[in-house]
Amino acid sequence: MGRTSAARQETERLLLGGAWHPLTKSLTFFAADVEECVASFLDWRGRGVIERTGHPLRRRDLTGDLETLLAELTPMEVAMGRRNLFVPVATDGPYRTMMLRSSWLGTDPGSERAAFATRGVGSVQVTSSPNDPRGLIWPRGFHGIHHLGVMRPVPVEQDDRGYTGRSVGVRISDRGGWIFVDLGDRLPFEDASAYTAPRVKNRFTQQTLIDYAAELGLRPFDADFYASDRTAVLVEHTGPAIWRERLASIADAQSNGNPDRIGIPHPDATTIEPESRTITVIDGIAYHRGEAIWDPSILGTRPPPGWTPKI
């Protein structure tokens, strides 16, 4: 099978056939119902937003099919996703709510997952994207990744963070080759024999990701898995957008345009550069001149969505 045909098959298996990629590239599932997730999010994130901006988060109850609900996250913010969607899923397992954020690169839920875990709520993150660097499927071109992340709360005596996790999968490194990630205690259902396959990309395939998710009671790429009662909850920022924020459609996110000029200016964003400092930290991400950056010397920050370490 050629590289292009393999990538197209992987795209067809994605949620809604990849039509909403990269918004739906990474899906996060929490071991709690929607109301519990929303309450925890408002308590944790809401207090920080009030203290920093003076503007509260706002909850909106939504109805509709999955695509109608996803449309509430568009257009997407280029620098900082301001809307968080919580959708119930049809499972008999513990992971009962899916979360997405209105970020044009896809949701990076690291801070949410850690905060929820310290409140006793575990999570699963499912990330999948075909390797399409030449833009044969989407003009922008995306590097391949198939990854499963499991985070579960534990007593602080076991881990002083209050949680532990498992991270397994493959992805394309900045240098263009596949790398295999194998961190944390393996889950009982894992087929570790595949992890020694000569070709790195075969150590964890998209089908492996689907099979592992099923072991956890999840069908992440099946549209009928979501919002069977046609309800969801959106939590959104009410304050002004960050300096020089831009808005991107799904078509923008899939295009090969300049990321610095993608989409249109956010109507609520100021164009006046802050006088007191040129680096702003929002939700753990550092921004310089409206663009997300990563500088380990800036305390209390984490890499922005889509950032990968140099291998």
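The values are calculated or read from the model by the stated rules, or taken from the named source; none is laboratory data. All values derive from a computational prediction rather than experimental measurement. Don't worry about glycine lacking a Cβ; one is built from the backbone with ideal geometry, like all the others, and counts go over all protein chains shown. We work out accessible area using only protein heavy atoms, side chains counted, and drop any ligands, DNA or RNA first. Shrake-Rupley method; radii C 1.70, N 1.55, O 1.52, S 1.80 Å.
The set of residues from segment 103-129 being of a type outside the set (Gly, Ala, Ser) and either open to solvent by 10 Å² or more (accessible area, probe 1.4 Å) or not in a loop (DSSP other than H, G, I, E, B) (or both) comprises TRP104, LEU105, ASP108, GLU112, ARG113, PHE116, THR118, ARG119, VAL124, GLN125, VAL126, THR127. Of the helices (runs of 4 or more DSSP H) entirely within segment 1-102, those holding at least 3 residues that are modelled with pLDDT under 95 occupy 3-13, 34-53. Taking segment 209-305 as the region of interest, the strands (runs of 3 or more DSSP E) fully inside it that hold 3 or more residues being at pLDDT below 75 are 279-282. Of the listed requirements (1) among the charged types (D, E, K, R); (2) crowded, with 18+ Cβ neighbours inside 10 Å; (3) modelled with pLDDT of 95 or more; (4) under 30 Å from ALA79 (Cα atoms), ARG203 misses just one: (4). Of the residues making up segment 167-194, just one is farther than 16 Å from ARG152 by Cα, touching a Lys or Arg at 6+ places or on another chain (Cβ under 7 Å) and of a type in the set (D, E, K, R), namely ASP174. When we screen ASP191, ASP160, ASP185, ASP174 for residues that are in contact (Cβ under 8 Å) with a residue 40 or more places away in the chain, open to solvent by 30 Å² or more (accessible area, probe 1.4 Å), farther than 13 Å from VAL126 by Cβ and of a type in the set (Asp, Glu), the only hit is ASP174. From the set of residues in segment 212-263 that are free of Cβ contacts under 8 Å to residues at least 60 places away in the same chain and hydrophobic (A, V, I, L, M, F, W, C), which is nearest to HIS147 (Cα to Cα)? Only one residue tops the list, namely ALA214.
Mind telling me which of the residues THR118, THR97, THR11 ends up being of a type in the set (Ser, Thr, Tyr) and farther than 30 Å from ASP159 by Cα? It would help to see each step written out before you state the result.
Details: THR118 fails: farther than 30 Å from ASP159 by Cα; THR97 fails: farther than 30 Å from ASP159 by Cα.
Every option except THR11 fails the conditions.
For PHE204, indicate whether it is in contact with a helix residue (DSSP H, G or I) (Cβ under 6 Å, 6 or more places away or on another chain) and under 15 Å from GLN125 (Cβ atoms). Here the answer is no, as PHE204 does not meet what is asked. Across segment 3-16, the number of residues qualifying as under 10 Å from PHE221 (Cα atoms) and open to solvent by less than 40 Å² (accessible area, probe 1.4 Å) comes to 2.
Residues of segment 218-248 that are among the small types (Gly, Ala, Ser), open to solvent by 30 Å² or more (accessible area, probe 1.4 Å) and out of contact with any helix residue (DSSP H, G or I) (no Cβ under 8 Å at 6 or more places or on another chain): SER228 alone. Checking the stated criteria, LEU57 turns out to be farther than 22 Å from PHE142 by Cα, of a type in the set (A, V, I, L, M) and open to solvent by 20 Å² or more (accessible area, probe 1.4 Å). Residues that are open to solvent by 20 Å² or more (accessible area, probe 1.4 Å), under 25 Å from ILE293 (Cβ atoms) and in contact with a Ser or Thr (Cβ under 7 Å, 6 or more places away or on another chain): does segment 23-38 have at least one? Yes.
Of these, PRO130, PRO153, which one is closer than 22 Å to GLY46 by Cβ and touching a helix residue (DSSP H, G or I) at 6+ places or on another chain (Cβ under 6 Å)? Walk me through it before giving the result.
Numbers: PRO130 fails: closer than 22 Å to GLY46 by Cβ.
Only one candidate passes the filter, namely PRO153.
For segment 94-123, residues that are hydrophobic (A, V, I, L, M, F, W, C) and either under 24 Å from THR74 (Cα atoms) or free of Cβ contacts under 8 Å to residues at least 12 places away in the same chain (or both) total 5.
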